[in-house]
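Novice: The structure's right below; bear with me while I get my questions together.
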Amino acid sequence: MPMKSPAHPGRLINSSLAELDLSVAQAAESLGVSRAQLHRVIAGDSALSPEMALRLEVVIGSTADHWLRIQAAYDTAQVRARAGEITRGLKRAVSRPQSQQRSA
């Protein structure tokens, strides 16, 4: 069963930086990004890009795939929270019986 409210990857990045005793400025320098860019991800204001995930893999650890799965779980939870609004009026597509399909 999926988590109802997974953490934004920025929260986990922040925890990793604390464990490594790195400031945001130090981590940003190591990652080759601006302090503001890293801060936006940590604060949850920006999504984690595949490029940033690769940078995190090299500098902090884990894999880029792992970081991106965390982002995908967070994004999916955010969308599911608005599922009623998003899917209002949508209907499941049903294929026509073969006798009603056009020949190609």
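None of the figures in this text is laboratory data; all of them are computed from the coordinates on show. What you see is a predicted model, and the numbers here were worked out from it, not measured in a lab. Here the Cβ is made from the backbone with ideal geometry for all residues, glycine too, and neighbour counts use every protein chain on show.
Novice: For segment 77-91, indicate whether the set of residues that are outside any loop (DSSP other than H, G, I, E, B), at negative phi and surrounded by 14 or more Cβ atoms within 10 Å (Cβ to Cβ) is non-empty.
Specialist: Scanning segment 77-91 turns up at least one residue that is outside any loop (DSSP other than H, G, I, E, B), at negative phi and surrounded by 14 or more Cβ atoms within 10 Å (Cβ to Cβ).
Novice: Checking Thr87 against (1) without any contact (Cβ under 8 Å) to a residue 60 or more places away in the chain; (2) within 18 Å of the chain's Cα centre (by Cα): exactly one of these is not met. Which one?
Specialist: Among (1) without any contact (Cβ under 8 Å) to a residue 60 or more places away in the chain; (2) within 18 Å of the chain's Cα centre (by Cα), the lone unmet condition for Thr87 is (2).
Novice: Answer with yes or no whether Ala72 is within 24 Å of Ala7 (Cα to Cα), exposed (fewer than 11 other Cβ atoms within 10 Å of the Cβ) and of a type in the set (A, V, I, L, M, F, W, C).
Specialist: It is false that Ala72 is within 24 Å of Ala7 (Cα to Cα), exposed (fewer than 11 other Cβ atoms within 10 Å of the Cβ) and of a type in the set (A, V, I, L, M, F, W, C).
Residues are listed down the side, and each one gets a yes or a no for (1) part of a loop (DSSP other than H, G, I, E, B); (2) touching a residue at least 40 places away in the same chain (Cβ under 8 Å):
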{"site": "Asp21", "(1), (2)": "yes, no"}
{"site": "Ala28", "(1), (2)": "no, no"}
{"site": "His39", "(1), (2)": "no, no"}
{"site": "Ala53", "(1), (2)": "no, no"}
{"site": "Leu56", "(1), (2)": "no, yes"}
{"site": "Gln71", "(1), (2)": "no, yes"}
